[in-house]
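> First, the structure itself, so that you have it in front of you.
The values are calculated or read from the model by the stated rules, or taken from the named source; none is laboratory data. Just so it is clear, the model here is predicted, and its values are computed rather than measured. Positions of Cβ are generated from backbone atoms using ideal geometry, with glycine treated the same way; all protein chains shown enter the neighbour counts. The accessibility values were calculated without ligands, DNA or RNA, using every heavy atom of the protein model including side chains. Shrake-Rupley method; radii C 1.70, N 1.55, O 1.52, S 1.80 Å.
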Amino acid sequence: MARKTLRWLLTLALLMGALGTATAGAATAAEPDIKERLLSIPGMSLIEEKPYPGYRFFVLNYTQPVDHRYPSKGTFQQRLTVLHKDVSRPAVFYTSGYSVSTTPSRREPTQIVDGNQISMEYRFFTPSRPQPADWTKLDIWQAASDQHRIFKALNKVYDKNWISTGGSKGGMTATYYERFYPKDMAGVVAYVAPNDVVNDEDAAYDRFFAEVGTKECRDRLNAVQREALVRREPLTKRYAAYAAEHGYTFDTVGSLDKAYEAVVLDYVWGFWQYSLLSDCDTIPADAAQAGDEAIWNSIDTITGFASYTDQGLEPYTPYYYQAGTQLGAATIQFPHIERKLIRYGYLPPRHFVPRDIPMRFQSWAMRDVDTWVRHNARHMLFVNGENDPWSAEPFRVGKGAQDSYVFTAPGANHGARVAGLVDTERTLATDRIQDWAGVATEADGAKPLAAFDAKLDRAEREQQLRP
């Protein structure tokens, strides 16, 4: 009897074990791998997966309509990346407004909310360019509609709160996306986003350059810039040799001399965009007595003599096209330089786009966005840099805006971050981001939820080309 009972118990145990294994297998089958879930989305395809500790990182293509108004009239492949942590975490939707990096990285809001990150390449930046390229389909509404479709597709996988973000042109992009699709995101964090509402009125930039930093620093920069134009003849000869050595040409801008002046006139702007007041010590103290080598090196280091070559311009044709059709472009004055030294002036975007691409400026586009932000912003945070030229014309929130803020990081350049705000603003900004993402608790203490990672969270220059 005891042996029969023992055999019966053993049989029951084996049956229960088999049942448990089958149940576990069924549960596993019901929860596909994240790669399977992503690739099950219609139009999504894998380019590659790259490993990173604690995450999975995918480089993907997504099929988009060339024209969202007429989806049947052709498609193109838009590149995006997914830094996957966990579907139970919020998602941060990032774009630089330019090409997308295929190296794993994490934007500040992603660290703050310890979330997943979806990064989108802006349409018409290669390889995300329709062929043939109909440039009339490159505008802020079409780009916002790209984001909307990606959100709708990926929200089936990442169904927690989403935050959109970006810096510079990416901050502008996040703002435009919110204007056209205000129900998609739980919040917006726009860094150093220019807001050129009236394209022909740029006095704010001139006031900025008259006051930024210290007089000593401004004088050093102005003197080097002027000296580079005084020495135009010997330095353009050097430029010609430099161009010949690297195979650079100047068909788009028109001439080597015009490109040289454009580089020089960008010098002061470029310094304040990417440098700090403490970097003034690297600028020649006495430009008139400095050698040609010192003047050349200072200009090249800050602006880059390759910038306005055909080879330097070609990757950024979509940006200059948008600046000349919707975004606007600044025109600044140079009171420290005699008129006789300036031959062409601050060139508008039309000079940086091949002539076979038609352009017509739409003055209403930025006015529309600005008015909408002032009166309809909800859960939006704008972070600017005190010493960043692009922050001279910022977005503002006014009557009708809800739970929205404009903060300025003291002494910061075009790399301004929430972490650089004064204590009270940093705490408030962090708290609001976490609350919008649905992860805020009193225990968090308004601090980033993910530990700093030197590789993932490395500081990257927010790209914004000449105004």
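> Pick out the one residue from D139, D206, D200 that is open to solvent by 10 Å² or more (accessible area, probe 1.4 Å) and modelled with pLDDT under 95.
Among D139, D206, D200, only D200 is open to solvent by 10 Å² or more (accessible area, probe 1.4 Å) and modelled with pLDDT under 95.
> Also: What are the residue pairs meeting all of these: first residue in region 147-160, first residue part of a helix (DSSP H, G or I), second residue open to solvent by 10 Å² or more (accessible area, probe 1.4 Å) and aliphatic (A, V, I, L, M), Cβ atoms under 9 Å, and 6 or more apart or on different chains?
A153/I41; A153/M44; L154/I41; L154/M44
> Same structure, new question: Checking H375 against (1) free of Cβ contacts under 8 Å to residues at least 60 places away in the same chain; (2) in a helix (DSSP H, G or I); (3) closer than 27 Å to R458 by Cβ, which test does it fail?
The number of the failed condition is (3).
> Checking R343 against (1) in contact (Cβ under 8 Å) with a residue 12 or more places away in the chain; (2) more than 20 Å from D206 (Cα to Cα); (3) assigned to a loop (DSSP other than H, G, I, E, B), which test does it fail?
Single failed check for R343: (2).
> May I ask you to verify whether R231 is touching a residue at least 60 places away in the same chain (Cβ under 8 Å) and open to solvent by 60 Å² or more (accessible area, probe 1.4 Å)?
Judged against the criteria, R231 is not a match.
> Please find, among T175, T126, the residue that is touching a strand residue (DSSP E or B) at 6+ places or on another chain (Cβ under 6 Å) and in contact (Cβ under 8 Å) with a residue 12 or more places away in the chain.
T175
> Looking at (1) at pLDDT below 95; (2) buried (at least 19 other Cβ atoms within 10 Å of the Cβ); (3) not hydrophobic (A, V, I, L, M, F, W, C), which one does K399 not meet, given that it meets all the others?
(2)
> Which helices (runs of 4 or more DSSP H) sit wholly inside region 169-258 and have at least 1 residues that are within 19 Å of the chain's Cα centre (by Cα) and not β-branched (V, I, T)?
It comes to 169-180.
> Restricting attention to region 346-358, report how many residues are over 10 Å from T252 (Cα atoms), in contact (Cβ under 8 Å) with a residue 60 or more places away in the chain and surrounded by 12 or more Cβ atoms within 10 Å (Cβ to Cβ).
Residues meeting the conditions: 3.
> How many residues does region 307-340 hold that are under 20 Å from A240 (Cβ atoms) and open to solvent by less than 30 Å² (accessible area, probe 1.4 Å)?
Adding up the residues that qualify gives 5.
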